[in-house]
Amino acid sequence: GNSVTQMEGPVTLSEEAFLTINCTYTATGYPSLFWYVQYPGEGLQLLLKATKADDKGSNKGFEATYRKETTSFHLEKGSVQVSDSAVYFCALYNFNKFYFGSGTKLNVKP
Amino acid sequence: NAGVTQTPKFQVLKTGQSMTLQCAQDMNHEYMSWYRQDPGMGLRLIHYSVGAGITDQGEVPNGYNVSRSTTEDFPLRLLSAAPSQTSVYFCASSRRRGEGQPQHFGDGTRLSIL
């Protein structure tokens, strides 16, 4: 089957710290992978995506590389800001369906 | 830029009542879907549609019905509300041609069943 597992939160960091949020997946075939971000009271917004193995998605300083050999799509950012505080969801798309991880809450302190 | 519009934003129902959550998109997207978001469980797919007249079940379809008579609209019906259906519901849409098309989400409907 298809599923996404991401690290539990909350993750609390100081401003300018390095961020990693782990995401691993199980899928048949060749899924597309996504990271979405959700701010309080809002819907999810696409952060970045990758559609095939070894692709690197990037946006707003965030990066993630599609690693087929380790079935992973870890989210990284070199220097987080207070404005990055939100809930981050890893997701995969396969055979007409999207599957989401449980979300990781990030708190960034000034 | 309307994008994906969900109504209502909040709703309280009594057990056994029925209601329809509305979702409309103005981007001519072929793919539309409904999710429920519960604490610690991420988003779970309820139903989805790959085009007008075509719908299919997701991960948690029981207790919900959908129809897709137009490209723009994809309403979700609760037939007989139960407390277990208390959740935040999100509608999303995307282009379907090709893989890797990201979904555009509405702002959600917060539903409480008493």
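In this structure, is A:Phe100 of a type in the set (Phe, Trp, Tyr) and away from chain B (no Cβ under 13 Å)? So A:Phe100 fails the test.
Looking only at residues in the stretch B:37-89 that are of a type in the set (Lys, Arg) and farther than 18 Å from B:His104 by Cβ, the one that is nearest to the other protein chains (Cβ to nearest Cβ) is B:Arg44.
Residue-level analysis places B:Arg44 among those that are touching an Asp or Glu at 6+ places or on another chain (Cβ under 9 Å) and under 26 Å from A:Gly103 (Cα atoms). Pairs are defined by a Cβ separation below 7 Å, a sequence spacing of at least 6 or placement on different chains, a first member in the stretch B:32-46 that is without any contact (Cβ under 8 Å) to a residue 24 or more places away in the chain, and a second member that is open to solvent by 20 Å² or more (accessible area, probe 1.4 Å) and acidic (Asp, Glu); the pairs so defined are B:Arg44/B:Glu59; B:Leu45/B:Glu59.
For the stretch B:6-27, which positions are part of a strand (DSSP E or B) and farther than 12 Å from B:Phe90 by Cβ? Walk me through how you get there before you give the answer.
At the first step, the residues of the stretch B:6-27 found to be part of a strand (DSSP E or B) are B:6-7, B:10-13, B:19-25.
Result: B:Thr7, B:Phe10, B:Gln11, B:Val12, B:Leu13, B:Met19, B:Thr20, B:Gln22, B:Ala24, B:Gln25.
Here's the yes/no breakdown for (1) open to solvent by 40 Å² or more (accessible area, probe 1.4 Å); (2) farther than 19 Å from B:Phe105 by Cβ; (3) out of contact with any Leu (no Cβ under 7 Å at 6 or more places or on another chain):
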residue	(1), (2), (3)
B:Gln37	no, no, no
B:Gly40	yes, yes, yes
B:Leu43	no, no, yes
B:Tyr48	no, no, yes
B:Gln57	yes, yes, yes
B:Pro61	no, yes, yes
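One residue alone among A:Val80, A:Val87, A:Val4 is over 30 Å from B:Gly51 (Cβ atoms) and either within 14 Å of chain B (Cβ to nearest Cβ) or surrounded by fewer than 18 Cβ atoms within 10 Å (Cβ to Cβ) (or both), and that residue is A:Val87. Here A:Tyr39 meets the list (1) open to solvent by 50 Å² or more (accessible area, probe 1.4 Å); (2) under 25 Å from B:Lys9 (Cα atoms); (3) away from every other protein chain (no Cβ under 14 Å) almost entirely, failing just condition (3). If you go through the stretch B:63-114 and keep only what is of a type in the set (Phe, Trp, Tyr) and either touching a Gly at 6+ places or on another chain (Cβ under 6 Å) or without any contact (Cβ under 8 Å) to a residue 60 or more places away in the chain (or both), you end up with B:Tyr64, B:Phe74, B:Phe90, B:Phe105.
The values are calculated or read from the model by the stated rules, or taken from the named source; none is laboratory data. Not measured: the values here are computed from a predicted model. Cβ: placed from backbone, ideal geometry, glycine included. Neighbour counts: every protein chain shown. The area values use the complete protein model at the heavy-atom level, side chains included, leaving out ligands, DNA and RNA. Shrake-Rupley method; radii C 1.70, N 1.55, O 1.52, S 1.80 Å.
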